[in-house]
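Asker: My questions will all concern the structure given below.
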Amino acid sequence: MPSRSPRPRSVASVAAALAMTAAPLTVATLPAQAAEARVDNPFVGATQYVNDYWSAHVEATAAQAGGDLGAQMQAIAEEPTSVWMDRISAIEGNADGPGLRYHLDAALAQQQGDTPIVVNLVIYDLPGRDCYALASNGELPATAEGMARYRTEYIDPIAAILDDPAYENLRIVATIEPDSLPNLVTNISEPLCQEAAPYYREGVAYALDALHDVGNVYSYIDAAHAGWLGWPSNAQPAAQLFAEVVGDTEAGFDSVAGFVTNTANSTPLAEPFLEDVQLGSTPVRSATFYQWNADFDETDWTAHLYDLLVAEGFPSSIGMLIDTSRNGWGGPERPTELSSSTNLDTYVDESRVDRRTHRGAWCNPDGAGIGERPQVEPAGYPESHLDAFVWVKPPGESDGSSEEIPNDQGKHFDRMCDPTFASPKLDGLLTGALGGAPLSGQWFEAQFEMLVANAYPAIDGDEPSEPDTTAPSAPSGLVAGAVSATSAEVSWDASSDDTRVTGYTVLVDGAAAGTTATTSFTLTGLDPDTSYAVTVTARDAAGNVSAASSALTVTTAEAGSGDDVEAPTAPGDLAASAATEDSVTLGWSASSDDTGVTGYTVLRDGAEVGEVTGTSFTDSGLDADTAYSYSVTAHDAAGNVSAPATVSARTAPGDQEPSGECAVTYTANSWNTGFTGSLTIENTSGADLTGWTLTFSFPDGQQITQGWSAQYSQSGADVTVTPADWNRTLAAGASVSVGFNGTHSGANGAPASFALNGTSCTVG
Ligand code: BGC
């Protein structure tokens, strides 16, 4: 593999360091154990795999740099970074590094005792890869043959290796196909993206299916970044597209653990000085830099996206990851206060920590720094539902070459990586890319030096380079609260740690009964008149787990002859039957109980909002066009509480005209004689539809050739669209997006009218 480094003298030392770390690994044969059950957040209670190949580059560059900078580099050499399966040969290993089994074996060797270890992988080889750029174009063409190779030569072998029982206790976290689905949202007018579109959809669904079958893989779909998808007009279609593609998998929503944002990008985690308020009478978001996008940073975007995804039906348990490897923006150029300018653009430009020329500048951005270290359950952003900060893009690896470099990976020269280029994609501004860059994925020493020097938070070169292995103190002060025949409340004092305690695990007779981020927990499902030994362990951000607290003996109340210990069944069929601008009406089917249900408790986003004896409830005083998550529990006279039923619902948009029973938007992106048509169909009838048929006629002899998310039949000009299995139910107020490719001969006018189940729709 030809590799180009801006400083050839460093290559030999890197090669020497690599040769050292490539020594064969001895992996102790582990005793056979049952595979671990799936967990909600795979990073909790786990350590993470450190890729020695990346560390060797860091250590070699640190040795070259010496001094304070070298010490800072050394301090991050043991951070976990993702292993990119960026082409078929990466599976077995190639000139750029060893193969998948090597990394998995090395992870087993790094595992400490029984503490689980996460291996971060990136799945990145779709047919027609990187359709809107050139630097990471891939080896597989956007053709049926490319798709077949993606399945059989790429995904299947990866899944087969991961499925090896030797690896069943690793927690594999997979970032799924960076940039692919986001490109279908914003760049579908690009012919290459149109060609790739069906393969991106099919390929992502195929990868999710294959990885889900393995059992211990946690897939996080790439969801671009705030400066790409943050606008509502991009964000909503993105959430719908994610729901559609995941809806096409065998396990549906169960096939994903969540989403990962900012992969290989440098959008900051937070803009500390800027808020989306008014400067005088002008909204800050209208500044040239933000172009009306209210999502200034990744905490905005993850919170925004989470709500949209839950409203699309994703379970509220999904988690978000943010790639913080290069979004620090520290160093001397970082603003330290809010600008006092009254000119909006000056005010924004002087206040923002993101120092790029334009938010679309993605290639080796000059001035960027390393961001937050990988961290589990980072505190401070509850609305973002963060599982972790991760380093998906290994800092120091190039995004693309600043000039043409021949290679056998399908990669091309993208002028977005050329510092002398003023790009039309950046409204004519210079790219701001660092010069002298090697091919994407190759070590770029000058960039690494810059990233470390500009890190924010700054890297302390005096820190030990060893990872944090100090466990928190064991919880103490464990006491019992309310105890019934079947439940017991326990609480304890907070543990301390050299870093940060992130949560606790409660164990009953030595077996984990649940985890919590607070210092209390209610045990349920206990037997009456029984004594249990309850202990608690604490964990920190690095996954270190404390010793167990001393055991507290909890004895449940006697059942007694008349005592009711049985909880009612969970409410059934919970659904939002109507939603207005400021209210949501929920309905469910009655729970049953041995003594009788006395009522239901309704919670919105975890807080109680109602107590009813019937099986419906209207929650009012809500904000328009906002997603809420509801749960309903049933209780009986003895206070036994059922498991919750949950549902998410969205209030209607504030400006919606109640003008029809359905509303349709239709857009077409044409090229030569082809086009992609996109339809969004909204049910405005106020009642759920349990099946739907959309009809319309093409005015110009257009012919549909292939569609997705629905079935299409065409007779002459007349088209009938019927749902796929998963979007057959169209709830009141909900919409569905479907699309197709077609041909036209010259004119490509939009259909004038649409009808849903025979009723004509408003057309937007
Ligand atoms: C490249 C990959 C590389 C990855 C991580 C991508 O831009 O295309 O080849 O593995 O970055 O550096």
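Asker: So is residue 425 in a loop (DSSP other than H, G, I, E, B) and of a type in the set (D, E, K, R) or not?
Answerer: Spelling it out, it is not the case that residue 425 is in a loop (DSSP other than H, G, I, E, B) and of a type in the set (D, E, K, R).
Here is a yes/no grid of residues against (1) of a type in the set (S, T, N, Q); (2) part of a loop (DSSP other than H, G, I, E, B); (3) closer than 16 Å to residue 356 by Cβ:
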position: 412; (1), (2), (3): no, yes, no
position: 416; (1), (2), (3): no, no, yes
position: 446; (1), (2), (3): no, no, no
position: 451; (1), (2), (3): no, no, yes
position: 456; (1), (2), (3): no, yes, yes
position: 472; (1), (2), (3): no, yes, no
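Asker: Testing residue 264 on (1) within 22 Å of residue 358 (Cβ to Cβ); (2) within 16 Å of the ligand (Cβ to nearest atom); (3) of a type in the set (A, V, I, L, M); (4) open to solvent by less than 10 Å² (accessible area, probe 1.4 Å), one condition comes back false. Which one is that?
Answerer: With (1) within 22 Å of residue 358 (Cβ to Cβ); (2) within 16 Å of the ligand (Cβ to nearest atom); (3) of a type in the set (A, V, I, L, M); (4) open to solvent by less than 10 Å² (accessible area, probe 1.4 Å) applied to residue 264, the lone miss is (4).
Asker: Also, quick follow-up: If I ask for residues that are open to solvent by less than 10 Å² (accessible area, probe 1.4 Å) and of a type in the set (S, T, N, Q), which ones from segment 328-364 would you list?
Answerer: 351, 364, listed by residue number.
Asker: On to the next question. Select from segment 132-146 the residues that are open to solvent by 40 Å² or more (accessible area, probe 1.4 Å) and either under 15 Å from residue 49 (Cβ atoms) or touching a residue at least 60 places away in the same chain (Cβ under 8 Å) (or both) and list them in ascending order.
Answerer: Selection gives 132, 134, 139.
Asker: Right, another one. Being part of a loop (DSSP other than H, G, I, E, B), open to solvent by less than 20 Å² (accessible area, probe 1.4 Å) and within 27 Å of residue 705 (Cβ to Cβ), is that true of even one residue in segment 245-254?
Answerer: Yes: segment 245-254 contains one or more residues that are part of a loop (DSSP other than H, G, I, E, B), open to solvent by less than 20 Å² (accessible area, probe 1.4 Å) and within 27 Å of residue 705 (Cβ to Cβ).
Asker: Scan (1) closer than 30 Å to residue 597 by Cα; (2) open to solvent by less than 50 Å² (accessible area, probe 1.4 Å) for the single condition residue 669 breaks and write down its number.
Answerer: Residue 669 satisfies all of (1) closer than 30 Å to residue 597 by Cα; (2) open to solvent by less than 50 Å² (accessible area, probe 1.4 Å) except (1).
Asker: Would it be correct to say that residue 302 is out of contact with any helix residue (DSSP H, G or I) (no Cβ under 9 Å at 6 or more places or on another chain), farther than 19 Å from residue 355 by Cβ and buried (at least 22 other Cβ atoms within 10 Å of the Cβ)?
Answerer: no
Asker: Anything in segment 723-741 that is within 18 Å of residue 576 (Cβ to Cβ) and in a strand (DSSP E or B)? List them, or say none.
Answerer: Scanning segment 723-741 gives 730, 735, 736.
Asker: Considering every residue within segment 428-445, establish whether at least one is loosely packed, with under 15 Cβ neighbours inside 10 Å, farther than 23 Å from residue 58 by Cβ and more than 12 Å from the ligand (Cβ to nearest atom).
Answerer: yes
Asker: Of all residues in segment 403-427, which are within 20 Å of residue 327 (Cα to Cα), away from the ligand (no atom under 13 Å from the Cβ) and open to solvent by less than 20 Å² (accessible area, probe 1.4 Å)?
Answerer: The one that is within 20 Å of residue 327 (Cα to Cα), away from the ligand (no atom under 13 Å from the Cβ) and open to solvent by less than 20 Å² (accessible area, probe 1.4 Å): 426.
Asker: Tally up the residues in segment 490-527 that are open to solvent by 80 Å² or more (accessible area, probe 1.4 Å), part of a strand (DSSP E or B) and at pLDDT 85 or above, please.
Answerer: Count: 1.
Asker: Report yes if some residue within segment 753-761 is surrounded by 15 or more Cβ atoms within 10 Å (Cβ to Cβ) and over 37 Å from the mean Cα position of the chain (by Cα); otherwise report no.
Answerer: No: zero hits.
Asker: Could you go through segment 55-74 and let me know if any residue there is closer than 24 Å to residue 386 by Cβ and surrounded by fewer than 24 Cβ atoms within 10 Å (Cβ to Cβ).
Answerer: Within segment 55-74, not a single residue is closer than 24 Å to residue 386 by Cβ and surrounded by fewer than 24 Cβ atoms within 10 Å (Cβ to Cβ).
Asker: Let me ask another. Of all residues in segment 414-425, which are within 29 Å of the chain's Cα centre (by Cα) and at pLDDT below 95?
Answerer: 425
Asker: Considering only segment 75-93, how many residues are surrounded by fewer than 22 Cβ atoms within 10 Å (Cβ to Cβ) and touching a His at 6+ places or on another chain (Cβ under 6 Å)?
Answerer: Within segment 75-93, residues that are surrounded by fewer than 22 Cβ atoms within 10 Å (Cβ to Cβ) and touching a His at 6+ places or on another chain (Cβ under 6 Å) number 0.
Asker: Only one of 95, 65 is more than 16 Å from the ligand (Cβ to nearest atom) and touching a residue at least 12 places away in the same chain (Cβ under 8 Å). Can you tell me which?
Answerer: None of the others qualify; the one that does is 65.
Asker: Still on this structure, I have one more. What are the residues in segment 271-290 that are of a type outside the set (Ser, Thr, Tyr) and touching a residue at least 60 places away in the same chain (Cβ under 8 Å), if any?
Answerer: Scanning segment 271-290 gives 271, 272, 273, 274, 279, 280, 284, 287, 289.
Asker: If you scan segment 363-402, which residues turn out to be out of contact with any strand residue (DSSP E or B) (no Cβ under 9 Å at 6 or more places or on another chain) and either within 16 Å of the ligand (Cβ to nearest atom) or outside any loop (DSSP other than H, G, I, E, B) (or both)?
Answerer: 368, 370, 382, 383, 395, 401
Asker: Would you please name the residue that is least open to solvent (accessible area, probe 1.4 Å), looking only at residues in segment 100-131 that are among the acidic types (Asp, Glu) and within 16 Å of the ligand (Cβ to nearest atom)?
Answerer: Ranking the qualifying residues of segment 100-131, first place goes to 125.
Asker: Limited to segment 742-762, what total is found for residues that are in a strand (DSSP E or B) and out of contact with any Asp or Glu (no Cβ under 6 Å at 6 or more places or on another chain)?
Answerer: Of the residues in that region, 7 qualify.
Asker: If we scan segment 365-380, do we find a residue that is within 29 Å of residue 55 (Cβ to Cβ), touching a residue at least 12 places away in the same chain (Cβ under 8 Å) and surrounded by fewer than 17 Cβ atoms within 10 Å (Cβ to Cβ)?
Answerer: Yes, some residue in segment 365-380 is within 29 Å of residue 55 (Cβ to Cβ), touching a residue at least 12 places away in the same chain (Cβ under 8 Å) and surrounded by fewer than 17 Cβ atoms within 10 Å (Cβ to Cβ).
Asker: Would you please list the contacts, defined by Cβ atoms under 7 Å and residues six or more apart or on different chains, that run from a residue in segment 521-542 that is over 30 Å from residue 469 (Cα atoms) to a residue that is among the aromatic types (Phe, Trp, Tyr)?
Answerer: Listed by first residue and then by second, the contacts come to 526/532.
Asker: Return the residue satisfying two criteria in turn: it lies in segment 729-752 and is over 21 Å from residue 193 (Cα atoms), in contact with a Phe, Trp or Tyr (Cβ under 9 Å, 6 or more places away or on another chain) and of a type in the set (Gly, Ala, Ser), and of such residues it is surrounded by the most Cβ atoms within 10 Å (Cβ to Cβ).
Answerer: Among those that are over 21 Å from residue 193 (Cα atoms), in contact with a Phe, Trp or Tyr (Cβ under 9 Å, 6 or more places away or on another chain) and of a type in the set (Gly, Ala, Ser), it is 750.
The values are calculated or read from the model by the stated rules, or taken from the named source; none is laboratory data. Just so it is clear, the model here is predicted, and its values are computed rather than measured. Cβ coordinates were reconstructed from backbone atoms using ideal geometry, including for glycine residues, and neighbour counts include every protein chain displayed. Accessible surface is based on the protein model in full, side chains and every heavy atom, while ligands, DNA and RNA are left aside. Shrake-Rupley method; radii C 1.70, N 1.55, O 1.52, S 1.80 Å.
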